[in-house]
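A.B. asks: This is the structure I have questions about; it appears just below.
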Amino acid sequence: SDESVAKAYGRILAPLRETSGIQHAAATTHLPLVGDNADATTIAEGRTYAPGSEPSPMIRLVSDEYFEAMGMTMVSGRSLQGSDVATGSPRVVVINEQLGTTLWPGENPVGRRLSTWSGRDHPEWREVVGVVRNAHSVGQRFPAPMELFIPYTQAPLGAWNAFQRSMALVVRSGENWPESYVPAIRQAVRDTDPSVPLFNVRTMEGVVVGVTANRRFYMRLVLMLGATGLFLAM
């Protein structure tokens, strides 16, 4: 069930946050630059939209401490807190600058309400508590997309099925060797559910290197061809 999935990730994060050397531990259904994206029609309370004109930001289910773990900066309002993921807490959401500008151009989105995933006929209002700085989540070559971050314990109906009940664990350490915390992460997952696999463990530096590998290869190739041409001309 949705509730059991959320509780499982909470049990995984709890011991990691108590591990010496780990500054922040969080979870998200989508990491920047990694994996497929899911979007959903989103409307602002009090606004009218022509059919098909509603914005469709990329949807992320995230835990508290996610923005701190990723080093993302809040430009207004606040980040998600532990109270936001507690049972029975009011529905809230954090959005990025791009979505804020789209829904409320020239206005401060904090304190406003929006509905996403459920459609315009059955709105599920959530209060915007924070706006985070834009990130090039789909790559440096593309504009920063509209993004919307929902507490993972407040997942809309059907969202966990869409995300295949899968999340990425994000851990920020204060040391130069983050790989040293992998055993602790594996143990936290194993203690929660031994049947759940932990895979594709890597640093965000490694992610960036992998994503930009092709571009760097072609740049080197062009430089080599240019140098060869210059040598022949000489």
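The values are calculated or read from the model by the stated rules, or taken from the named source; none is laboratory data. On a predicted model such as this, the values are computed, not experimentally measured, just so you know. Methodologically, a virtual Cβ is constructed for each residue, glycine included, from the backbone with ideal geometry; neighbour enumeration extends over all protein chains shown. What goes into the accessible areas is simple: the full protein's heavy atoms, side chains included, and nothing from ligands, DNA or RNA. Shrake-Rupley method; radii C 1.70, N 1.55, O 1.52, S 1.80 Å.
A.B. asks: Please work out which one of (1) closer than 17 Å to ALA27 by Cα; (2) modelled with pLDDT under 95 is the condition GLY174 fails and give its number.
C.D. replies: It is condition (1) that GLY174 fails.
A.B. asks: Identify, please: which residue in segment 117-159 is among the aromatic types (Phe, Trp, Tyr) and in contact with a strand residue (DSSP E or B) (Cβ under 8 Å, 6 or more places away or on another chain) and is, among those, nearest to ALA44 (Cα to Cα)? Full working, then the answer.
C.D. replies: Kept after step one, since they are among the aromatic types (Phe, Trp, Tyr), are these residues of segment 117-159: 117, 125, 142, 149, 152.
Checking the rest, the ones that are also in contact with a strand residue (DSSP E or B) (Cβ under 8 Å, 6 or more places away or on another chain) come to 117, 125, 149, 152.
On the way: TRP117: 13, TRP125: 9, PHE149: 15, TYR152: 21 Å.
Selected residue: TRP125.
A.B. asks: Here's a follow-up. Report yes if GLY130 is closer than 26 Å to ARG17 by Cα and either crowded, with 20+ Cβ neighbours inside 10 Å or touching a helix residue (DSSP H, G or I) at 6+ places or on another chain (Cβ under 7 Å) (or both), otherwise no.
C.D. replies: Working: closer than 26 Å to ARG17 by Cα: yes; either crowded, with 20+ Cβ neighbours inside 10 Å or touching a helix residue (DSSP H, G or I) at 6+ places or on another chain (Cβ under 7 Å) (or both): yes.
Criteria met by GLY130.
A.B. asks: Check ALA144, ALA168, ALA159 and return the single one that is free of Cβ contacts under 8 Å to residues at least 60 places away in the same chain, under 30 Å from ARG202 (Cα atoms) and open to solvent by less than 50 Å² (accessible area, probe 1.4 Å).
C.D. replies: ALA144
A.B. asks: Any residue in segment 40-54 that is within 13 Å of the chain's Cα centre (by Cα) and under 17 Å from SER137 (Cα atoms)?
C.D. replies: Residues of segment 40-54 that are within 13 Å of the chain's Cα centre (by Cα), as a first pass: none.
Within segment 40-54, not a single residue is within 13 Å of the chain's Cα centre (by Cα) and under 17 Å from SER137 (Cα atoms).
A.B. asks: Moving to a separate point now. Can you report the number of residues in segment 5-14 which are open to solvent by 60 Å² or more (accessible area, probe 1.4 Å) and either without any contact (Cβ under 8 Å) to a residue 40 or more places away in the chain or among the β-branched types (Val, Ile, Thr) (or both)? It would help to see each step written out before you state the result.
C.D. replies: So the first thing to find is which residues in segment 5-14 are open to solvent by 60 Å² or more (accessible area, probe 1.4 Å), and the list is 7, 11.
Applying the additional criterion that residues be either without any contact (Cβ under 8 Å) to a residue 40 or more places away in the chain or among the β-branched types (Val, Ile, Thr) (or both) yields 7.
Qualifying residue count for the region: 1.
A.B. asks: In segment 1-42, what count of residues is obtained for those that are aromatic (Phe, Trp, Tyr) and closer than 20 Å to THR116 by Cβ?
C.D. replies: Of the residues in that region, 0 qualify.
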